Every structure is written in structure tokens, then in C-alpha cells.
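As C-alpha cells, the structure follows; a few thoughts come after it.
The values are calculated or read from the model by the stated rules, or taken from the named source; none is laboratory data. Given the structure is predicted, the values throughout are model-derived calculations rather than measurements. Reconstructed Cβ throughout: ideal geometry from the backbone, glycine too, with neighbour counts over all protein chains shown.
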Amino acid sequence: MDLMRILRALEEFLYELVGWLVFYPRTFWRILRDPPASARYVLRELAAPPEKQFAASVSPVLMLILSVVLAHGIEMLSRQSLPDMANPVGRRLFASEEGMLITRCVVFSGYALIAALVTLRRQKQAVTRDTLRGPFAVQAFLISPLVVMLSLGMLLIDFKDDYVLPGGALILCSIVWYVWARIRTYGALTETGWPRATVIVIGTFLGTTALVVAITQFLFR
């Protein structure tokens, strides 16, 4: 009986894994191509019964996690060693592959969380588990391509001196795309004009990045 349960669990896992191979690139391209449409799709899916949600795509939080895992795999191809941290907290967070993955998931989720809170504030909604779910899911979708493109850019930079320029260009393009996607999505969801949406999104992005850099500097001391 235990063997049958294990086999069924393995069957479900393998089927899910194959599904990721199909639906992850489709979802990735959908987000890249039309961020506002992807945001509306997320909100529609979240309104459906749980068992019917995201049947033709990867769910937003799982999309973010898979992107972090893919990005980490890309960095492992470049044979980068784990950072040597003097700070004890930093050692706990970065001393293992698992710690690196969890820390990166938390960092990029932080970008999604702050962006979601800004959206709720603009919509004048109270912050609850129910109201936060939709905006956070939208932002988890939007940041997923950034995670992968940043890692590809870093891989090019570390690969060879001749690839520093293409790698830097890819990193810059990924950041520009992410900010542009957030501006378009913020405007679509909150009915805010693009000048005001641009100021809010860029300000939020820079503020979140400054916080991440400050924490990183503390951990690497």
C-alpha cells in the first residue's frame, strides 16, 4: 500500500514537472508580450474556483519560484562559488544552495509585495489577506522575467571579457522592461495616467532597491 502511494505521488510529480516544461515558457512569453493582459488574466483566474485556477499556465507564486530556481541553475553553470560572509546572519542565508534559493525568493517577493501594497493604496483598499492576494500575484508574474534575464546578464559578464557589454545591455534592458511593465500594469489596474504612474513606479522601485542594497551591504560586511 505504501509503495502504491509512493508511485502515485511520483506519477503526479512527473506529470507536474512535464507540465512546467510546457506551461513555463508559454507563461513567460505571455508576461513579456503583454504585461497588462497578464495582470487581468491573473485576476480572472483568482476569481475562479481553486481547482480550476491557472489550468493553462503556471500560477504566479510558483512562476516566481521556478524563475529563481532557473536563475540559480544558470549561475551554477558559470561555476560561481557561494559568497564568503563574515556576518553570521549572512552565513546562514548564503552558506548553502538552499539558503541562496530561499533568500532570493524572499528578496524578489519583497519587490512584488511593496508594489502590491502601493497598488492597494492607490485603489484605497484595506490591506487584508484577500485584497493583497490579487495584486501580489500580479507582481509575482511581472518580476519573474526580470529574475531570469538578470541572471543571464550576469552569466554573460562572468563568462568572458568580450561578453561584458552584451551582459550589461541585457541587465539594463531587463530592468527597463520591468519598470515599463509595472508602469503599464499599474496604470491599467488603478486607472492612473502614465506620468503619475511612471513617478510612482520608479520611486517605488528605487526605494525597494535601495533597501535591498543596504541590507546586502550589512550582510556582506
*asked:* It is to be established whether one or more residues within region 59-81 are outside any loop (DSSP other than H, G, I, E, B), over 22 Å from T208 (Cα atoms), at pLDDT below 90 and of a type outside the set (A, V, I, L, M, F, W, C).
replied: yes
Selection over region 96-132 where residues are under 27 Å from M149 (Cα atoms) and surrounded by 12 or more Cβ atoms within 10 Å (Cβ to Cβ) yields a count of 23
Within region 43-54, restricting to residues that are in contact with a helix residue (DSSP H, G or I) (Cβ under 9 Å, 6 or more places away or on another chain) and surrounded by 10 or more Cβ atoms within 10 Å (Cβ to Cβ), the one that is nearest to T190 (Cα to Cα) is L43
From the option list I143, I200, single residue qualifying as β-branched (V, I, T) and within 17 Å of the chain's Cα centre (by Cα) is I143
Every listed condition ((1) modelled with pLDDT under 80; (2) not in a helix (DSSP H, G or I)) holds for R8 save (2)
Checked L155, L150, L165, L172 against criteria (more than 21 Å from V68 (Cα to Cα) and either within 17 Å of the chain's Cα centre (by Cα) or among the aliphatic types (A, V, I, L, M) (or both)); the one match is L165
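Take the residues in region 22-42 that are out of contact with any helix residue (DSSP H, G or I) (no Cβ under 8 Å at 6 or more places or on another chain) and charged (D, E, K, R); name whichever of them is surrounded by the most Cβ atoms within 10 Å (Cβ to Cβ).
Within region 22-42, the first condition is being out of contact with any helix residue (DSSP H, G or I) (no Cβ under 8 Å at 6 or more places or on another chain), and the residues that meet it are 22-23, 25-26, 29, 33-34.
Okay, now just the ones that are also charged (D, E, K, R), so 26, 33-34.
Details: R26: 12, R33: 9, D34: 15.
The extreme case among them is D34.
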